[in-house]
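So the structure is just underneath, and the comments pick up after that.
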Amino acid sequence: MADTAPPNTPSVVERTRVIAAGAPVVAAHFLGRTAALVLGEEAVLLVPDKGDEQRLALHGGGILSAATDGVSVITGGDDGKVFSTDAKGESRLMATDAKRRWIDHVAAGPDGAVAWSAAKSAFVLAGKAEPRSIEVQSTVGGLAFAPKGVRLAIAHYNGVSMWFPNAQAAPEMLEWKGSHHDVAFSPNGQFMVTAMQEPALHGWRVVDAKHMRMSGYSARVRSFGWTVGGKWLATSGSEQLILWPFASKDGPMGKQPRMILPHDKRAVAVACHPSQEIAAAGFEDGMVMLARIDDGAEILAKKPGTGAVSALAWSADGSKLAFGTEDGEAGIVDLA
């Protein structure tokens, strides 16, 4: 396939509001109708549906991690600080690491709970309680809250620790040899998946810790997301969008993935529509494509550019798609 979308592919490129990010885009989130572009150099750029943009210089250095609960965006930086910022641009300092270590990962959980990590330590702040912390066997590779309740999954070398911060018991371990990075629960909480250092994903069925191995990628999987209801897991890491089936109690065990959006460049960013079986994929050449999962129908959302896509996010109602690239290209596509 050529560097651009196939001829006759429908396009929504002309519906894009171009944003001058001015820095690499680390992450994109929506806070209601306001897009929050997290930039690699100190700032969060808020882009409201109507009105002027706000560029908030929060961190004294690079921003390494970001997450959202839909109300605020949580950011962690190499200055050892964790900030929470809402759609109005009101920011508050949530934590400062006592040793000024980098905040490698953050996560947003139910009822305003927030987690972050520095080196081997993971922290949770929930309600008005003091932050609780735990140290795991190696540097934390990723964090994720369970869909219900304050239970935190902490990815690290040789597996994942499942921690209840409010309990005295030691965390439950889900083991698998190797280095585990990004981690996520399925929307129903029945499955957990991690991205490995190697070109593969690993999964567990939470109730009995049964293993699921998902391999065949051409590169490490750096982005994945669940479709509405958790029927599919859409993943980057190959020259197409790879979708693993999770509708049954056995997940993808014994099943082949579905592959859509073939391209001659690798998919590096993924985001799934909040209410329809549609996925967005961003590629190394800066192109963004949308696909309907049932039949693979394609729509071009962004033409190739100068840098790899590094951030994709849907608004809660699915009417807007925000994107950002490593070279600072950014925009919001209006799909209403």
What does the highest-first list of 30-36, 245-251, 271-277 look like by mean Cβ count within 10 Å?
-> 30-36, 271-277, 245-251
Taking a crude spin-label model, label points 7 Å out from Cα along the C-beta direction, the ARG15 to ALA169 distance in nm is 4.8 nm
Towards the positive end of the charge dipole of the stretch 98-191, with charges on Cβ (+1 Lys, Arg; -1 Asp, Glu), say which of PRO171, SER121, VAL183 has the farthest Cα.
-> SER121
Which loop trypsin sites (Lys or Arg not before Pro) in the stretch 127-191, with loop taken from DSSP, have no more than 12 other Cβ atoms within 10 angstrom of their Cβ?
-> LYS128, LYS148
Taking the Cα centre of the stretch 273-330 as the origin, how large is its charge dipole in debye, to the nearest 20, when only Lys and Arg (+1) and Asp and Glu (-1) carry charge on their Cβ atoms?
-> 180 debye
Measuring from centroid to centroid over Cα atoms, what is the spacing of the stretch 197-218 and the stretch 259-280 in Å?
-> 20 Å
Scalar couplings 3J(HN,Hα) for the stretch 117-126 by Karplus 6.51 cos²θ - 1.76 cosθ + 1.60 (θ = phi - 60°), nearest whole Hz, x for Gly and Pro, are 9, 9, 6, 8, 9, 10, 10, 10, 10, 10
Segment GLN137-ALA297, extension gain: residue separation times 0.36 nm, minus the distance between their alpha carbons = 53.1 nm
Counting only protein heavy atoms and rolling a 1.4 Å probe, one gets per residue an accessible area for the chain in Å² of 43 Å²
For the stretch 1-135, the percent of accessible surface on carbon and sulfur atoms (probe 1.4 angstrom, ligands and nucleic acids excluded) is 49 percent
With +1 at each Lys and Arg Cβ and -1 at each Asp and Glu Cβ, the charge dipole magnitude of the stretch 142-299 around its Cα centre, to the nearest 20 debye, comes out at 400 debye
Dipole magnitude of the chain, debye to nearest 20 (Cβ charges: Lys/Arg +1, Asp/Glu -1, about Cα centre) = 740 debye
What part of the accessible area of the stretch 279-336, given as a whole %, is carbon or sulfur when the probe is 1.4 angstrom?
-> 47 percent
Cross-link partners among lysines for LYS210, C-alpha distance below 29 Å, same-chain residues fewer than 8 apart left out?
-> LYS120, LYS148, LYS177, LYS231, LYS249, LYS255
Could you state the number of Å between the C-alpha centres of the stretch 99-124 and the stretch 149-191?
-> 14 Å
Label of the coordinate-derived value, Cα extents along the principal axes in Å, listed as [x] 82, 42, 35; [y] 60, 50, 29; [z] 59, 40, 36 | [y]
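The values are calculated or read from the model by the stated rules, or taken from the named source; none is laboratory data. Given the structure is predicted, the values throughout are model-derived calculations rather than measurements. Note: ideal-geometry Cβ built from the backbone for every residue, glycine included; neighbour counts use all protein chains shown. Protein only, heavy atoms only, side chains kept; ligands, DNA and RNA dropped before computing areas. Shrake-Rupley method; radii C 1.70, N 1.55, O 1.52, S 1.80 Å.
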